[in-house]
1. What is the gain in length, in nm to one decimal, between THR140 and LYS84 on full extension, counting 0.36 nm per residue of separation less the C-alpha to C-alpha distance?
2. Provide the FRET efficiency to the nearest 0.05 for the SER3-THR114 pair, computing r from the beta carbons and using R0 = 41 Å.
3. Once Lys and Arg get +1 and Asp and Glu get -1 on their Cβ, which of PRO62, ALA12, LEU115 lies farthest toward the positive end of the dipole of the range 1-150?
4. Can you give me the Cα centroid spacing of the range 171-202 and the range 1-77 in angstrom?
5. Output the Kirkwood hydrodynamic radius of the range 104-200, Cα pairs only, in Å rounded to one decimal.
6. Which value, in debye to the nearest 20, describes the size of the charge dipole of the range 48-114 about its Cα centre when Lys and Arg Cβ atoms bear +1, Asp and Glu Cβ atoms bear -1, and nothing else is charged?
7. Would you report the distance distribution of C-alpha pairs in the range 3-89 as whole percents per 10 angstrom bin, up to the bin with the largest distance?
8. Could you pull out the pairs from LYS9/LYS159; LYS86/LYS120; LYS121/LYS208; LYS86/LYS121; LYS4/LYS189; LYS86/LYS189 whose alpha carbons sit more than 18 Å apart here?
Amino acid sequence: MLSKYKIQKVLAALEALYPDAKAELDFQDPFQLLVATVLSAQCTDVRVNLVTKELFPVIPTPADLMMMPVSKLETVIKPCGLYKSKAKNLHEAAKALVEVHNSQIPRDIETLMTLPGVGKKTANVVVSNAFGIPAIAVDTHVFRVSNRIGLAEAGTVEKTEEQLMANLPKSKWSKTHHMIIFHGRRVCKARKPACDTCTIAPWCEYYKSLTPKIPKKNVRGRKDE
Ligand code: SF4
């Protein structure tokens, strides 16, 4: 795990790279963000944005989503994948929003997680992006990139979130979440991280592990055994 000093350096480098990092899902209100985030599981934000462009005008409120036949919802969201379970969850979540929450999106993580299809990651995304409450949603990019760099050193999503919350200033949780996702999509990709051109490399634990160790020389200039 990186030292506090190195973490500061990494954050400064990420801020220089991605000063405008933000959510890449399109939304106008907390309800739309909740729907888009549920749809984004195992789907690109670009594809979700294409689907929600069609979907949002016909479901302006949770009641409209509740009233939409599940079969029709399935057809509209099919391009996002996992459409049967996503349609079922969205439909049930809309029902719960109408019947239990007065059609309002809950502002706390625990209550959000009582909605069908809403896990910790989705709840974190909603509270931080819709309500400005500090949170770090650990998706596949945040998990991979933060553990490669050494902002966390954990084998699970839960531990990664805990360590990031402990290692990063609370005021920077949400912005750092977006910056790490930007870096994961553009540079530190899953299969082929572009380490040779990455400005985070001087502090990155993964990069360090790739760099061959240069043997120290003894006083006569011979390599140590
Ligand atoms: S140096 Fe490589 S592994 Fe480290 S953050 Fe950059 S691209 Fe990712």
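A short reminder: the numbers here are calculations on the coordinates, not readings from a lab. Quick caveat, the model's predicted, so the values are computed rather than measured. When we count neighbours, we look across all protein chains shown, and the Cβ atoms used for this are built from the backbone with ideal geometry, even at glycine.
1. Net length gain for the segment: 17.9 nm.
2. Once the sixth-power term is evaluated, E becomes 0.55.
3. Highest projection toward the positive end goes to ALA12.
4. Distance between centres, Cα-based: 19 Å.
5. Across the range 104-200, the inverse of the average 1/r is 13.9 Å.
6. It works out to roughly 280 debye.
7. Percent of Cα pairs in each bin: 16, 41, 19, 14, 9, 1.
8. LYS9/LYS159; LYS121/LYS208; LYS4/LYS189; LYS86/LYS189
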